[in-house]
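J.: Shown below is the structure under consideration.
The values are calculated or read from the model by the stated rules, or taken from the named source; none is laboratory data. Note that the coordinates shown come from a computational prediction; the quantities given were computed from them, not determined experimentally. We place every Cβ from the backbone using ideal geometry, glycine too, and count neighbours over all the protein chains shown. Areas reflect the complete protein model, heavy atoms only, side chains present, ligands, DNA and RNA absent. Shrake-Rupley method; radii C 1.70, N 1.55, O 1.52, S 1.80 Å.
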Amino acid sequence: MTQQKYPEHIDLKPVMHVEGVVRLPGSKSISNRILLLAALAEGETTIVDLLASDDTLVMLNALHELGIHWTQDEQTAPATLHQVHHVTGGGGQFPNHKADLFMGNAGTAIRPLTAALAVIGGDYTLHGVSRMHERPIGDLVDALNAVGAQIEYTGNAGFPPLHIRKGHLTAQRMSVRGDVSSQFLTALLMVAPLMARGHAVTIDVVGELISKPYIQITLNLMRRFGVTVEQDGWASFTVQAGQNYKSPGTIHVEGDASSASYFLAAGAIAGGPVRVEGVGRDSIQGDVRFAQALEQMGVQITMGDNWIEAKSAGPLKAIDMDFNHIPDAAMTIAVAALYADGTTTLRNIASWRVKETDRIAAMATELRKLGAEVEEGADYLKVTPPAVIGSAAIDTYDDHRMAMCFSLASLDGALRRGNNVRINDPKCVAKTFPDYFAAFAGIAHDNLF
């Protein structure tokens, strides 16, 4: 599948029924973790089904600038759903000790890479788009600098851009806040083996750890590369000395469970069945639990080892749930709430504030355009649906998930609420799912555009 070229906006007409099968692109979270682990490992790693997107390209380009050799099989280029890459690891080192790295708006790239560069040492600058310079990284930088790293802010304190020099990290214990972004802990966990040369390294979590399923992904992938982590619940994590990353040979990237949410929700709203392939009951991604939220809304869900299917069982039921564990997929619930039989409440979603945009504010603004009554709090959102979804032009804030979520407002489900929806700046989906609108049209049994 080749990347779709998008105009300034896409107009979606009401769709009465959806049905079909969607093969998911690779998970962004898994793809960028695997790329960095492969770069740090000994040996060559073959990565199958790496996500073709802006965020993974950012990581691939950064690794190239750092001297890590990688190739892509020609038959999988330029952008398909089944890419194969070969990465030659540096055995815990980067060949190039000086580099200027552009990180776009890829949080899954800049945060673990910052930790790796700080531990390995050199002279590096990291910067990105303007929104990246508004996304917090201070808790990670503080944790590293407290144990001997030398990371400086070259703009506003607490945010990229960064200048990293060679430090001297010898501490056996370090701590990091867990209530802003789980990516800070992920970054420290991934570099802990590089620090645990002659002694164990323990990372203590300060406060509540959010998005725990994403930490499970990190721990699972570290095991695949030969490193085990000892846990004291979610309060502390210890890496014993003498463990080095080693290539697992070939590793497959699961389909993106967050991307699955849009198609499963479509099946829930407008008939179905819609099946997604690439994730299932054996997935290591916490976002597969999105299917449980749909079940709470009355949706018929069936699941296999590597697939999930959703089918409408009538109007959706309003729910009141804690979504701390699946913050990205929870955005889809906020739009699905337009089709519910009452007020839906999403709780414990404060992390939305520091994503690609302030997603709580953005979601509230765009849902109101469609006629919904929305109550917005520091860490919650309440959505009361309109009798009929109004026609609206949805702004996407250069946020891929805003564009994909609001495509669902074109569906004319059991409550006959769908309407004409314009999605502005649809090209932002290239961050994780370049061909999203083509895939969405593929399950629409009406003329979508």
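J.: Given segment 171-227 reduced to its alpha-carbon atoms as identical point scatterers, what log10 I(q)/I(0) does the Debye formula return at q = 0.17, 0.21 Å⁻¹?
T.: So the normalised log intensities work out to -0.54, -0.80.
J.: Also, quick follow-up: Excluding residues on the same chain fewer than 8 positions from Lys5, give the lysines whose Cα lies under 22 Å from its Cα.
T.: Within the straight-line cut-off, Lys5 pairs with Lys13, Lys28, Lys427, Lys431.
J.: Ok, one more. Please give the peptides 302-313, 285-296 ranked by average Cβ packing (other Cβ atoms within 10 Å per residue), highest first, as a rough proxy for protection.
T.: Numbers: 302-313: 18.2, 285-296: 21.3.
With the highest mean Cβ count within 10 Å placed first, the list reads 285-296, 302-313.
J.: Stretched out fully, how many nm does the piece from Asp204 to Arg353 gain, at 0.36 nm a residue minus the Cα gap?
T.: 51.2 nm is the gain from fully extending Asp204 to Arg353.
J.: Ok, one more. I'd like the accessible area for Ser247, computed on protein heavy atoms only with a 1.4 Å probe and all protein chains in place. Round to 10 Å², please.
T.: 30 Å²
J.: A follow-up question, please. I'm a student and want to see the number: the projected area of the Cα convex hull of segment 355-406, averaged over all directions, in nm².
T.: Convex hull of Cα atoms, orientation-averaged projection: 3.5 nm².
J.: May I pose another question? At 1.4 Å probe size, what's the solvent-accessible area of Lys427? Round to the nearest 10 Å².
T.: 120 Å²
J.: Could you identify which residue out of Gly122, Gly155, Gly390 has the top mean-square fluctuation in a GNM of the chain using Cα springs shorter than 10 Å?
T.: Of the options given, Gly155 has the highest mean-square fluctuation.
J.: Can I ask one more? Where does the chain land at 222 nm, in deg cm²/dmol rounded to the nearest 500, when only DSSP H runs of n ≥ 4 count, each adding -39500 (n - 2.57), divided by all residues?
T.: Taken over the chain, the calculation gives -8500 deg cm²/dmol.
J.: Assign unit charges at the C-beta atoms only (+1 for Lys and Arg, -1 for Asp and Glu), then state the dipole size of the chain relative to its Cα centre in Debye, rounded to the nearest 20.
T.: Dipole of the chain, to the nearest 20 debye: 240 debye.
J.: Leaving out ligands and nucleic acids, note down the accessible area per residue over the chain with a 1.4 angstrom probe, in whole Å².
T.: 35 Å²
J.: If segment 198-346 were replaced by its equivalent ellipsoid, with semi-axes equal to the square roots of 5 times the Cα gyration tensor eigenvalues, what would those be, largest first, whole Å?
T.: Equivalent-ellipsoid dimensions as semi-axes: 35, 19, 9 Å.
J.: Considering the zone a paramagnetic label at Asp11 would reach in this model (a point 7 Å from Cα along the Cα-to-Cβ line), which residues of segment 361-397 have amide N under 15 Å from it?
T.: 391-394
J.: A further question on this structure: Consider all pairwise Cα distances in segment 109-241 and report the whole-number % of them above 21 Å.
T.: Of the Cα pairs, 35 percent sit more than 21 Å apart.
J.: In addition: With charges only on Cβ, +1 for K and R and -1 for D and E, what is the dipole size of segment 106-168 about its Cα centre, in debye, rounded to 20?
T.: 120 debye
J.: What per residue convex hull volume, in Å³, do the alpha-carbon atoms of segment 310-449 yield?
T.: Details: hull volume 14.6 nm³, N = 140.
Hull volume normalised by residue count: 104 Å³.
J.: Starting from the residue with the highest accessible area, list Arg368, Arg401 in decreasing order, probe 1.4 Å.
T.: Arg368, Arg401
J.: For the chain, with the dipole built from +1 on Lys and Arg beta-carbon atoms and -1 on Asp and Glu ones, taken about the Cα centre, which of Thr365, Ile120, Gly26 lies farthest toward the positive end?
T.: Result: Ile120, furthest along the dipole toward the positive end.
J.: Please report the spacing between the Cα centers of segment 326-400 and segment 223-293 in Å, no decimals.
T.: 25 Å
J.: Restricting to segment 174-257, compute how many DSSP beta bridges are antiparallel as a %, nearest 5.
T.: Numbers: 7 of 11 bridges.
Rounded to the nearest five, the antiparallel share is 65 percent.
J.: Suppose we keep just the DSSP beta bridges with both residues in segment 25-151; what percent of those would be antiparallel, to 5?
T.: So the antiparallel bridges in segment 25-151 amount to around 65 percent.
J.: In nm, what is the difference between 0.36 nm times the number of residues separating Arg165 and Gln240 and their Cα-Cα distance?
T.: The Arg165-Gln240 span can extend by a further 24.4 nm.
J.: Let me ask you something else. With all protein chains present and a 1.4 Å probe, how do Thr88, Thr154 order by accessible area, largest first?
T.: Thr154, Thr88
J.: Using Cα positions and a limit of under 17 Å, work out the aspartates and glutamates in reach of Lys98, with same-chain residues fewer than 8 apart set aside.
T.: Glu65, Asp123, Glu152
J.: So, one more: Taking Lys382 as the anchor, which lysines have their alpha carbon closer than 18 Å to its alpha carbon, excluding any fewer than eight residues away along the same chain?
T.: Lys317, Lys369
J.: Across 5 Å bins from 0, what is the distribution of all Cα-Cα pair distances for segment 1-158, in whole percents?
T.: For segment 1-158, the pair-distance distribution reads 2, 8, 16, 18, 18, 14, 10, 7, 4, 3, 1, 0.
J.: Please work out the Cα center distance from segment 98-155 to segment 156-202, rounded to the nearest Å.
T.: Their Cα centres are 11 Å away from one another.
J.: What would the Debye formula give as log10 I(q)/I(0) at q = 0.07, 0.13 Å⁻¹ for the alpha-carbon point model of the chain, no solvent?
T.: One equal scatterer on each Cα of the chain leads to -0.33, -1.13.
J.: Given a 1.4 angstrom probe, I'd like the percentage of the accessible area of the chain that is carbon and sulfur, rounded to a whole number.
T.: Carbon and sulfur atoms account for 47 percent of the accessible area of the chain.
J.: Also, quick follow-up: Once Lys and Arg get +1 and Asp and Glu get -1 on their Cβ, which of Ala241, Asn306, Ile68 lies farthest toward the positive end of the dipole of the chain?
T.: Farthest towards the positive pole: Ala241.
J.: What ranking of Trp70, Trp352 comes out by heavy-atom accessible area, probe 1.4 Å, highest first?
T.: Greatest to least solvent exposure: Trp70, Trp352.
J.: Sticking with this structure for a sec: Could you size up the charge dipole of segment 298-431 around its Cα centre, putting +1 on the beta carbon of Lys and Arg and -1 on that of Asp and Glu, and report it in debye to the nearest 20?
T.: 280 debye
J.: May I pose another question? Using Cα springs under 10 Å in a Gaussian network model of the chain, which residue among Asn324, Asn145, Asn156 shows the largest mean-square fluctuation?
T.: Among Asn324, Asn145, Asn156, the largest GNM mean-square fluctuation belongs to Asn156.
J.: Still on this structure, please answer the following. Restricting the count to DSSP beta bridges whose residues both fall in the chain, what percent are antiparallel, rounded to a multiple of 5?
T.: Numbers: 46 of 73 bridges.
Counting only bridges with both partners in the chain, antiparallel ones make up about 65 percent.
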